[in-house]
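Asker: What follows is a single structure, and I will ask about it in a moment.
Throughout, read-outs are computed from the coordinates displayed, never taken from laboratory work. It should be emphasised that the depicted structure is a prediction, and the values quoted were computed from it without experimental measurement. Ideal geometry is used to build each Cβ from the backbone, glycine not excepted, and the neighbour counts take in all protein chains shown.
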Ligand code: FUC
């Protein structure tokens, strides 16, 4: 076997069974091993995860299991709630915000438990003792195949390592190979801060078990069992203390299985040892090729639904970290497509049906005390994780979140009763694997009883994509119960007699003149959430022909909600009073929920509100934490400003070289979003935002290329989904839509807005759209007319190109439009 040295950076090298194409579309690649965690490459199957370092001498996989959390089944409702609620409300209505905050800290904030932490199983390491003189080093993550590969030459021998996490076989698989016989010699071992035992149980099996930590007084009760099965071809193995040594093997496959005793959020009664052994014994008889084929089929079934191409450039020939570093100053459209697909890769790898939803770090976490416990922050971050799910063809990945909302509707029912003496269910700004639903951290961050209201939007929105009445029936009780909580909790404020949420806050911002207290009532985002929750619950009831006696109650509530208000500098007010500070650059833009992800504000029918939302964004500025920038990509897309959205993508794709805390967001060398530290929402938010630049579905029609930046001259995307279950493909050239393909799944009227005139191929004809879209999935909400401050100066909102067409579709048929 011969090795051909790499003459060009971008080269193909073939030697025997070794084939590695350096870089290419849908690949992250590097010319050196990961020195730190945010350089390692993530693999995951929704439950198991590994960060692969690719070090020739010491290979390291940092590993996670999605149910390994500190503590155990627990609750954190403060039972003093009913005693303090009326006083807090009184203080807030009477301008005594500080007292309200102090009282909420005592009587509403959790007494001890502020949520459990997602924890780290540990590391699996391979110490090689004969790797010297490393040349031709290369490592990649191929997100089309969901596999990492490391190749290098040492002492004239070519080595290759592959790692993937299999969805169907429920294990992590490592394959070590070389092009010379007997060349693989290493020591394999597990390690973990939380281990109880780690040892070889026979000549080719390592086993480690451990227990999660105790936190905030809740005893650690999650037990894990991890097994590594070393299957060597040639050579021999020897059991040593703490591990197994392998010498002179030709090829080695290692299967890693992990299981915990977690059953569901209330129960820990699984046998983790039996479970983890079962995965191994089922996988062991299968060859590496069979395991890989199973993995590939399962993964690609999801990944290949969407294809995205923005063209390429010279810049794409560089390693990924260099490309991020150079992104602002070079033309590298392929990096945008890669970052986009990486978001889809991360969602498939961290959120599988039947499992846990992606938490703040998805499923990848190397700490036992991660930032914000790596739990679920539901005042934006968890929702953001799921923005790309439906529209980028990954509805199955949305299921763990839907299940979490169902769980919370049970646990949160007790919270509603205990803390507020209300019916229905409530959740505040955080939850965890035990589905806690009380107030955490401190009142200024946690006193936000709207987590259930926001999460519930996902229940309805999923229906708009799938049109599945059985699904809607299954989630309707959760929606109804969420609405029921606010039927009891909303209270009339004394000035305008609007129905408002009190106490609450506009996450996690403090208005001027509030004595340093975030607590407030009638906040814009809360009002928007209330409008959506009641409107959607009502629609669901009407569609399902249920609860006709409730419709009147809900209509009355909707009619008494506050309107949106435009304040003294033309801004959309964040609070009920005109308290916004034009210099405020807070990362949360909660009141813009109405623009995105909601559709209460849009340029087509609500120009004043659109302008006021734009004023907010201009004042807040662009650069912020990773997730904040991800949100702003969506928001600028909804404002139909593709160039500004593209500017935000550039801000987001700014290299953050080192792991750790900081205030300026960006992207780590491994494409993970930097809050900093790593927080996955920015990845998902940006993937969603790029979709919104190319396709929107919320304004009563399907909007083709609504916010295409000038720089994205030519491109194509296919497999995107819209409300009403249409599947869309778009090809554009010179910034014009050249061809649009529409697959209709449910039939019905297709209303389309295109940036240039188009015609249907075949016999069907396009009509200029008129009136309301008869397709019920495209119903838009009727909100109240906003109140506008006398001081506010508003700017016009421009809409270019008004080509809006209607045509009838039949379920199962494909329609093609071409440029006229
Ligand atoms: C919210 C945000 C922070 C961070 C945390 C996980 O508190 O304000 O920026 O994202 O969640």
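Asker: Just check the range 746-820 against the gyration tensor rule for me: Cα atoms, a ≥ b ≥ c as the square roots of the eigenvalues, rounded for a/c under 1.5, and otherwise prolate or oblate depending on whether a/b exceeds b/c.
Answerer: Oblate shape, in that a/c is at least 1.5 and b/c is the bigger or equal ratio.
Asker: Continuing with this model, one more query. Go through 631-639, 352-360 and give me the packing order, highest mean Cβ count within 10 Å leading.
Answerer: 631-639, 352-360
Asker: Given Cα pairs under 8 Å that are at least 6 residues apart, what percent is the relative contact order of the chain?
Answerer: Rounded, it is 12 percent for the chain.
Asker: Let me ask something additional. Name the residues of the range 755-791 whose amide N is less than 19 Å from a point 7 angstrom out from the Cα of residue 733 along the C-beta direction?
Answerer: Inside the label zone: 755-762.
Asker: Given 0.36 nm per residue, what is the gain on full extension from residue 787 to residue 278 after removing their alpha carbon distance, in nm?
Answerer: Fully extending the segment from residue 787 to residue 278 adds 176.9 nm.
Asker: By average Cβ neighbour count within 10 Å, what is the ranking of 611-622, 657-668 from highest down? Can you show the working numbers first?
Answerer: On the way: 611-622: 21.0, 657-668: 16.8.
With the highest mean Cβ count within 10 Å placed first, the list reads 611-622, 657-668.
Asker: Run the paramagnetic zone check for residue 58: 7 angstrom along Cα to Cβ, then residues of the range 120-136 with backbone nitrogen under 13 Å.
Answerer: 123-129
Asker: Taking the Cα atoms only, what angle lies between the long axis of helix 551-560 and the longest principal axis of the chain, rounded to 10 degrees?
Answerer: The helix 551-560 is inclined about 80 degrees to the chain.
Asker: Provide Rg and Dmax in Å for the range 174-228, with only Cα atoms included in the calculation.
Answerer: Expressed in Å, the Cα Rg and Dmax of the range 174-228 come to 16.2, 55.
Asker: Taking 7 Å along the Cα-to-C-beta vector as the label spot, tell me the residue 134-residue 301 distance in nanometres, rounded to one decimal.
Answerer: About 3.7 nm, to one decimal.
Asker: Relative to the first principal axis of the alpha-carbon coordinates of the chain, what is the inclination of helix 681-694, with its axis defined by its Cα atoms, in degrees from 0 to 90 and to the nearest 10?
Answerer: 70 degrees
Asker: Starting from the 7 Å offset along Cα-to-Cβ, what nm value, one decimal, do you get for the label separation of residue 756 and residue 795?
Answerer: It works out to 2.8 nm between the two label points.
Asker: Once the convex hull of the C-alpha atoms of the chain is built, how many Å³ does it hold per residue, rounded to a whole number?
Answerer: Working: hull volume 124.5 nm³, N = 820.
Dividing the Cα hull volume of the chain by its residues yields 152 Å³.
Asker: OK, next. Apply the a/c threshold of 1.5 to the C-alpha gyration tensor of the range 492-536 and tell me whether it is rounded, prolate or oblate.
Answerer: Taking the square roots of the gyration eigenvalues as a ≥ b ≥ c, the range 492-536 is oblate.
Asker: While we're on this one: What's the ranking of 536-543, 698-705, 137-144, 116-123 by average number of surrounding C-beta atoms within 10 Å, highest first?
Answerer: 116-123, 698-705, 137-144, 536-543
Asker: Work out the FRET efficiency for residue 714 and residue 802 from their Cβ-Cβ distance, taking R0 = 30 Å, and round it to the nearest 0.05.
Answerer: 0.80
Asker: What is the gain in length, in nm to one decimal, between residue 468 and residue 21 on full extension, counting 0.36 nm per residue of separation less the C-alpha to C-alpha distance?
Answerer: Contour length minus Cα-Cα distance gives 156.6 nm.
Asker: Please work out how much length the chain gains when fully extended from residue 219 to residue 202, using 0.36 nm per residue of separation minus the C-alpha to C-alpha distance, in nm with one decimal. Provide the component values of the computation, followed by the final result.
Answerer: Working: separation 17, 0.36 × 17 = 6.12 nm, distance 3.25 nm.
Extending this stretch completely gives an extra 2.9 nm.
Asker: Let me ask you something else. Report, in degrees rounded to the nearest 10, the 0 to 90 angle that the Cα long axis of helix 272-283 makes with the longest principal axis of the chain.
Answerer: 60 degrees
Asker: Could you put 93, 303 in order, starting from the residue whose Cβ has the fewest other Cβ atoms within 10 Å?
Answerer: Neighbour counts put them in this order, fewest first: 93, 303.
Asker: What distance in nm separates the two pseudo spin-label positions at residue 779 and residue 236, each 7 Å out from Cα along the beta-carbon direction?
Answerer: 7.5 nm
Asker: If you take the beta carbon distance between residue 770 and residue 264 as r and set R0 to 51 Å, what does 1/(1 + (r/R0)^6) give as a FRET efficiency, to the nearest 0.05?
Answerer: Efficiency, rounded to the nearest 0.05: 0.50.
Asker: Rounded, prolate or oblate: which fits the range 334-375 when a ≥ b ≥ c are the square roots of the eigenvalues of the alpha-carbon gyration tensor, with rounded for a/c under 1.5 and prolate only if a/b beats b/c?
Answerer: Note, shape of the range 334-375 comes out oblate.
Asker: Using the beta-carbon distance between residue 663 and residue 423 and R0 = 45 Å, what value does 1/(1 + (r/R0)^6) give for FRET efficiency, to the nearest 0.05?
Answerer: For R0 = 45 Å, the calculated efficiency reads 0.60.
Asker: Taking the Cα centre of each part, how many Å lie between the range 244-321 and the range 129-188?
Answerer: The two parts, judged by their Cα centres, are 14 Å apart.
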